[in-house]
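Remarks on the structure that follows.
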Amino acid sequence: MNSETPIGIMDSGMGGISVLREITKLMPNENYIFYGDSKNAPYGSRSTQEIYELTSDVVDKMLDRGVKAVVIACNTASSAAGKRLREKYPQLPIIAIEPALKPAVINCPGGTVLVLATEATLREQKFATLMETWKDRAEIIKMPLPGLPEFVERGELDSPELREFLMGYFSKLEGKKIDGIVLGCTHYPFVRKVISELFDNKVKIFDGAAGTARQLRRRLYSRNMINTSMKPGTITWLNSSDDPKMIELSKKLYNLKLD
Ligand code: DGL
């Protein structure tokens, strides 16, 4: 291994590209392999064991390509498999993501924070621990959105159907004033604009991508693994789906202008 060895970044599908975007902004000279497991997406309604096995398979595939570190750019996979994978590969830097509840609560003291994530993320111990830490500083409402990653997987980032789907969930809040929203699934930042509009652009929205990118950089520095080359880095796109359109969509989502 040398410092030019790539970093592996994985997700159940396209979502992790929202994390990859932040990582390459911070470290444009590193080389990356992005693996989207779209064939098996969504992970969010699966059992913990199933999510672990799928995540572990993807990590093994990236290790076969000799990655120097792994980013689990999926809240669901991080919650269900992060700890076990660190035990399985104690030498490998494994960076996991978690819902950005901390910044949301700090920025909305005494307010109401809505956490949007998958069923699996919200049921796992990792989230229960996070919630326990912050529950006295704001009202925290958990809301799973099964079906939302599928919109992103087909590149449908705004449509009447998407708005109707989201309204079906948000109407359950019955007009309750929401101060902050946590996008606790890496697919959701691709529909951030629509979510914000459905709350009349009056909510603060948080996600864990930039924090995960900074955490990766810290870990690489501490292990002396940073690529010091001045050459722009490369991204190798991999996807478990046989549909060649998934790689095309991956690149499109990577380059998309989001506000
Ligand atoms: N992108 C994944 C996450 O961050 C979830 C999507 C899925 O259900 O596969 O949780």
For S222 and N107, extending 7 Å from Cα along the Cα-Cβ vector and measuring point to point gives, in nm, a value of 2.5 nm
Angle between the chain longest axis and helix 245-255 axis [Cα atoms, degrees, rounded to 10]: 80 degrees
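In the range 1-137, how many lysine pairs have Cα atoms under 17 Å apart, counting only pairs 8 or more places apart or on different chains?
Here the count comes out as 7.
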Measuring from a point 7 Å past the Cα of L173 along Cα-to-C-beta, which residues in the range 121-144 have an amide N at less than 20 Å? 121-123, 131, 134-144
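Which loop trypsin sites (Lys or Arg not before Pro) in the range 192-243, with loop taken from DSSP, have no more than 15 other Cβ atoms within 10 angstrom of their Cβ?
Passing sites in the range 192-243 are K202, R223.
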Taking the Cβ-Cβ separation of L258 and T5 as r and a Förster radius of 25 Å, what is the calculated FRET efficiency to the nearest 0.05? 0.25
With angles folded into 0 to 90 degrees, how steeply does helix 209-222 sit against the dominant principal axis of the chain? Use alpha carbons for both and round to 10. 30 degrees
Under 12 Å from the Cβ of G180, count the other residues' Cβ atoms, weight Lys and Arg +1, Asp and Glu -1, and hand me the total. +2
Calculate how steeply helix 125-134 sits against the longest principal axis of the alpha-carbon atoms of the chain, using the helix alpha-carbon long axis, and give the answer as 0 to 90 degrees to the nearest 10. 60 degrees
Quick check: net charge around R217, other residues with Cβ under 14 Å of its Cβ, Lys/Arg +1 and Asp/Glu -1? +4
Cα centroid of the range 63-140 to Cα centroid of the range 146-199, whole Å: 20 Å
At most 16 other Cβ within 10 Å, DSSP loop - GluC sites (Glu not before Pro), the range 108-166: E156
Of the convex hull enclosing the alpha-carbon atoms of the range 102-152, the direction-averaged projected area in nm² is 3.7 nm²
With the Cα gyration tensor of the range 1-147 in hand, convert its eigenvalues to equivalent ellipsoid semi-axes via √(5λ) and list them largest first in whole Å. 28, 18, 14
Quick one: give the max-minus-min coordinate of the C-alpha atoms of the range 100-259 along each principal axis, largest first, in Å. 51, 40, 28
Applied in sequence order to the range 160-173, the curve 6.51 cos²θ - 1.76 cosθ + 1.60 (Karplus, θ = phi - 60°) yields integer Hz couplings, x standing for Gly and Pro, of x, 5, 5, 5, 5, 4, 5, 4, x, 7, 5, 5, 5, 6
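Once the mean 1/r over all distinct Cα pairs of the range 181-259 is inverted, what Kirkwood radius in angstroms do you read off?
Kirkwood radius, the range 181-259: 15.6 Å.
FYI, it's all coordinate maths here, none of it is from the lab. Here the structure is a predicted model, which is why all the values come from computation and not from measurement. Cβ atoms come from the backbone with ideal geometry, glycine included; neighbour counts cover every protein chain shown.
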